[in-house]
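The values are calculated or read from the model by the stated rules, or taken from the named source; none is laboratory data. Just so it is clear, the structure is predicted and the values come from calculations on it, not from any experiment. Note that each Cβ is placed from the backbone with ideal geometry, even for glycine, and that neighbours are counted across all protein chains shown.
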Amino acid sequence: MRKLITHIILLAILIAFVIQDHKERESEALTPTTDQLAPATYRGLLPAADCSGIDYTLTLNDSIVGSDTLFALRMVYIDGNGAGLDATFDSHGRQQQITIGTRRGYHLISDDGDPDTYFQIINDSTLRMCDSTLTAPQSSLNYDLVRVVK
């Protein structure tokens, strides 16, 4: 009887250690590191209907699933105010990482009421401007922003 009780106690202690270790590993996986929160900047020249193009500079804080983080977007309309006169617009707000089917991307929600903007994640260094379903434009024109390496 004493052996049985000893085995039960040892088994209970072992189970407690396994559960505690599992909880610690879960907690580590869910806790963002400072590297995950470092801003990433993307840049690209996108087409425009009424000027030579729009130079986009987008800075994102890496998304944490289930949490909003911030973005800053600068759009420079090349020759937007006439030849040699660029027009610059800044937008700030919240970003959300979203998934639709197999496509992943960012949903940018401006603080100043500008229309929402969407970018599909193409790979680790490229975002592509797209619609709210993360579908890229059917065009031969460039809609890509490339990560700026600092």
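Being under 20 Å from ALA40 (Cα atoms) and either surrounded by 18 or more Cβ atoms within 10 Å (Cβ to Cβ) or among the polar types (S, T, N, Q) (or both) is the filter here, so list the residues in region 76-97 that pass it.
SER91, GLY93, GLN95, GLN96, GLN97
Considering only region 24-78, state which residues are at pLDDT 90 or above and of a type in the set (Asp, Glu).
ASP55
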